[in-house]
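> Have a look at this one.
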Amino acid sequence: MSEGLELVLESLAIYWTSSLPLAVLTACGACMGTLLYVFLANARNAKLRVSLLTGFYGLTVFFWLFIAVSLALCVWQARMVAYRTWGVQAAASGALLAALASSFGISFVVWRYGNARLLHRFAPIPVPREYGWLRGYVDLLTKFEGLPPVEAGFIDSKEPLAMAIGGKAPHVLLSRGLLEGLDRDEIETVVTHELMHLKNHDAGFKVFSTVLSRILIFDPFSKFFDPAVHREREYLADEMSGRSTRKPAALASALLKISKLRAPRKSAWGISILGPGTGLFSRYPPLEKRVERLLLLSYLLGDGS
């Protein structure tokens with residue numbers, strides 16, 4: 001074994017058996033555990049749960065950045081870490097500051113500009129005249145639900161897309177493929193579903209978590225827990241749409257029709273109302289389960305549609 005490799009291994013051993021870096025990881029893990037506990041204990045507070053998940057994601061980014069920067073410093077300054085009395089403290093402090101600054105910067109940029117970037121990517125245009133009633137429907141429902149003004153946008157694509165985008169300029173985007181494939185009752189329930197994502201503060205978080213989960217490739221949270229949360233939010237938006245419109249069967253019908261249309265582009269996965277994928281890694285609940293729940297709600301509400 002070369003002298004340089006021995007030195008690096010020695011610095012890593014000394015660093016990761018020292019109290020300061022272990023204390024940082026322990027404190028971070030304790031904070032993450034607390035956020036998850038409060039999240040699970042507040043099942044009915046949608047706004048709080050989204051805030052907790054946003055904080056959890058920020059801590060997750062910090063956790064992995066601290067480990068990465070620590071490893072880089074142990075390799076780059078192996079002699080300092082291994083042989084200077086203040087080497088571990090200096091490396092851990094540098095990793096702490098770098099991870100804090102980077103995680104805050106990444107989280108801020110994604111949260112602040114992610115929605116605008118998504119709008120730019122899909123490039124919505126004003127809703128065509130033949131669907132002019134949509135503007136009035138969105139305005140009426142936003143006022144009824146106490147939401148800020150929401151813009152209805154049109155995507156000139158055959159893909160059946162329906163998505164809510166938060167941020168400073170909230171939008172509900174609908175594609176030509178979706179509008180042409182559904183009847184008016186079905187379109188209204190889909191629009192209401194997306195507005196409920198805005199009401200529950202899901203829309204901005206969807207973009208935030210989607211971007212960060214692509215950055216955190218090896219993070220188990222983004223691979224298992226995050227999709228489960230998104231599936232829960234879809235169920236909630238389905239239910240709230242069905243209760244608000246009193247047409248849950250129409251939403252069930254819309255989901256079945258959308259599933260038979262052209263698959264959405266990859267950039268819309270996890271953001272549009274329906275997409276490919278099943279199982280633990282999917283952000284969408286099973287279609288059959290969504291339809292079953294909506295039909296049961298229809299029966300409970302006495303919906304005759």
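> Please state which one of Ser93, Ser102 is outside the structural domain of Glu239 (by TED's automatic domain parsing), more than 15 Å from Phe221 (Cβ to Cβ), surrounded by fewer than 16 Cβ atoms within 10 Å (Cβ to Cβ) and modelled with pLDDT of 90 or more. Talk me through it step by step, then tell me what you get.
Working: Ser102 fails: surrounded by fewer than 16 Cβ atoms within 10 Å (Cβ to Cβ).
Unique residue meeting the criteria: Ser93.
> While we're looking at this one, here's another question. Only one of Ala46, Ala41 is surrounded by fewer than 20 Cβ atoms within 10 Å (Cβ to Cβ), within 30 Å of Lys199 (Cβ to Cβ) and touching an Asp or Glu at 6+ places or on another chain (Cβ under 9 Å). Can you tell me which?
So the residue among Ala46, Ala41 that is surrounded by fewer than 20 Cβ atoms within 10 Å (Cβ to Cβ), within 30 Å of Lys199 (Cβ to Cβ) and touching an Asp or Glu at 6+ places or on another chain (Cβ under 9 Å) is Ala46.
> Another question, if that's okay. Is it fair to say Phe144 is under 26 Å from Arg44 (Cβ atoms) and assigned by TED's automatic domain parsing to the domain that holds Ala254?
Considered against the rule, which asks whether it is under 26 Å from Arg44 (Cβ atoms) and assigned by TED's automatic domain parsing to the domain that holds Ala254, Phe144 comes out as yes.
> From Leu161, Leu174, which residue is under 17 Å from Ala123 (Cβ atoms) and at pLDDT 95 or above?
Among Leu161, Leu174, only Leu174 is under 17 Å from Ala123 (Cβ atoms) and at pLDDT 95 or above.
> Tell me which residues, restricted to the stretch 123-153, are more than 24 Å from Met240 (Cβ to Cβ) and in contact (Cβ under 8 Å) with a residue 12 or more places away in the chain. Before you say what the answer is, go through the steps one by one.
Step one: filter the stretch 123-153 for residues more than 24 Å from Met240 (Cβ to Cβ), giving 123, 125-126, 128-130, 132.
Ala123, Ile125, Pro126, Pro128, listed by residue number.
> Another question, then. With respect to the numbered conditions (1) assigned to a loop (DSSP other than H, G, I, E, B); (2) touching a helix residue (DSSP H, G or I) at 6+ places or on another chain (Cβ under 7 Å), which one is the sole condition not fulfilled by Ser102?
If we test Ser102 against (1) assigned to a loop (DSSP other than H, G, I, E, B); (2) touching a helix residue (DSSP H, G or I) at 6+ places or on another chain (Cβ under 7 Å), just (1) comes out false.
Table: residues versus (1) in contact with a strand residue (DSSP E or B) (Cβ under 8 Å, 6 or more places away or on another chain); (2) of a type in the set (D, E, K, R); (3) touching a residue at least 60 places away in the same chain (Cβ under 8 Å).
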position	(1), (2), (3)
Val207	yes, no, yes
Met240	no, no, no
Arg243	no, yes, no
Ser253	no, no, yes
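> Being at pLDDT below 80 and among the charged types (D, E, K, R) is the filter here; which residues of the stretch 211-222 pass it?
If the condition is that a residue be at pLDDT below 80 and among the charged types (D, E, K, R), then Arg214 is the only one that fits.
> Moving on to the next point. Report, by residue number, each residue of the stretch 283-302 that is touching a Gly at 6+ places or on another chain (Cβ under 8 Å) and either crowded, with 17+ Cβ neighbours inside 10 Å or in a loop (DSSP other than H, G, I, E, B) (or both). Spell out how you get there, then give the answer.
First, the residues of the stretch 283-302 that are touching a Gly at 6+ places or on another chain (Cβ under 8 Å): 283-284, 294, 297-298, 301.
Matches in the stretch 283-302: Arg283, Tyr284, Leu294, Leu297, Ser298.
> Pick from Pro285, Pro227: which is over 30 Å from Gly105 (Cβ atoms) and in contact (Cβ under 8 Å) with a residue 24 or more places away in the chain?
Only one candidate passes the filter, namely Pro285.
> Continuing with the same structure: Any chance the stretch 204-224 includes a residue that's in contact with a Pro (Cβ under 8 Å, 6 or more places away or on another chain) and on the phi < 0 side of the Ramachandran plot?
no
> Next question, about the same structure. How about the stretch 13-89: which helices (runs of 4 or more DSSP H) wholly inside it have at least 1 residues that are among the hydroxyl-bearing types (Ser, Thr, Tyr), on the phi < 0 side of the Ramachandran plot and over 30 Å from the mean Cα position of the chain (by Cα)? I'd like the intermediate steps shown before the answer.
Details: elements: 19-41, 46-76, 78-83.
In the stretch 13-89, 19-41, 78-83 are the helices (runs of 4 or more DSSP H) which contain 1 or more residues that are among the hydroxyl-bearing types (Ser, Thr, Tyr), on the phi < 0 side of the Ramachandran plot and over 30 Å from the mean Cα position of the chain (by Cα).
> What about Gly114, is it part of a helix (DSSP H, G or I), under 21 Å from the mean Cα position of the chain (by Cα) and either surrounded by 13 or more Cβ atoms within 10 Å (Cβ to Cβ) or free of Cβ contacts under 8 Å to residues at least 24 places away in the same chain (or both)?
In short, yes.
> Still on this structure, I have one more. Regarding Leu20, is this residue surrounded by fewer than 19 Cβ atoms within 10 Å (Cβ to Cβ) and outside the structural domain of Glu234 (by TED's automatic domain parsing)?
The answer is yes for Leu20.
The values are calculated or read from the model by the stated rules, or taken from the named source; none is laboratory data. Computed from a predicted structure; not experimentally measured. Neighbour counts run over all protein chains shown; Cβ positions are idealised from the backbone, glycine included.
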